[in-house]
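Novice: Provided herewith is a single structure, encoded as structure tokens, for subsequent inquiry.
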Amino acid sequence: MGRYEVLETLPGGDQGTDDEEFDSAGGVSAESDGIVYVTDPFQNRIQKFTFEGMFVSKWGTEGTGDGQFIQPATVAVASE
């Protein structure tokens, strides 16, 4: 499944800054159990969703410290 197909399955996905919304959705990556991570470069954050597309959490603010990003364009997950 491609990036846009994954984004279309998310229940929110509207443009905005709230949970489940994206200013501009960027990179998408998924764990083997189906957890999906999506970058939102212009909001300097990453959002996490279940396999079913339900919002789990988000993190990130603008900056260069721990938990901070400067327009994250891609995201990757490591296999265990």
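Novice: Keeping all protein chains in the complex and leaving out DNA, RNA and ligands, what accessible area do you get for LYS58 with a 1.4 Å probe, in Å² to the nearest 10?
Specialist: About 90 Å², rounded to the nearest 10.
Novice: Shifting gears a bit: Determine the sum of side-chain charges near SER57: Lys and Arg each +1, Asp and Glu each -1, restricted to other residues whose C-beta is under 9 angstrom from that of SER57.
Specialist: With Lys, Arg at +1 and Asp, Glu at -1, the neighbours total +1.
Novice: Then there is this: How would ASP40, ASP14, ASP66, ASP19 rank on accessible area, largest to smallest, probe 1.4 Å?
Specialist: Listed by decreasing accessible area, they come as ASP66, ASP14, ASP19, ASP40.
Novice: Please compute the per residue accessible area over segment 21-80 with all protein chains in place, 1.4 Å probe, rounded to a whole number of Å².
Specialist: In whole numbers, segment 21-80 has 58 Å² accessible per residue.
Novice: For a quick protection proxy, order the peptides 70-78, 31-39 by their average other-Cβ count within 10 Å, most packed first.
Specialist: Per-residue mean Cβ counts within 10 Å order the peptides as 31-39, 70-78.
Novice: So for the pair ILE35, VAL56, with labels modelled 7 Å out along Cα→Cβ, what separation do we get in nm?
Specialist: With each label placed 7 Å out from Cα toward Cβ, I get 0.4 nm.
Novice: Once the piece of chain linking ASP23 and GLN68 is laid out straight, how much longer is it, given 0.36 nm per residue of separation minus the C-alpha distance between them?
Specialist: That works out to 14.5 nm of additional length.
Novice: Amide H neighbours of ASN44 under 5 Å, counting only residues 5+ apart in sequence or on other chains, H built in-plane at 1.01 Å?
Specialist: The answer is GLN71.
Novice: Within the set of other residues whose C-beta is less than 10 Å from the C-beta of GLN47, count the net charge using Lys and Arg as +1 and Asp and Glu as -1. Don't jump to the answer; show the numbers that get you there.
Specialist: Values: positive: ARG45, LYS48, LYS58; negative: ASP19, GLU20, GLU21, ASP40.
Taking every other residue near GLN47 into account, the sum is -1.
The values are calculated or read from the model by the stated rules, or taken from the named source; none is laboratory data. Everything numeric here is computed off the predicted structure, so don't read it as measured data. FYI the Cβ positions are ideal-geometry reconstructions off the backbone, even for glycines, and counts take in every protein chain you see. We work out accessible area using only protein heavy atoms, side chains counted, and drop any ligands, DNA or RNA first. Shrake-Rupley method; radii C 1.70, N 1.55, O 1.52, S 1.80 Å.
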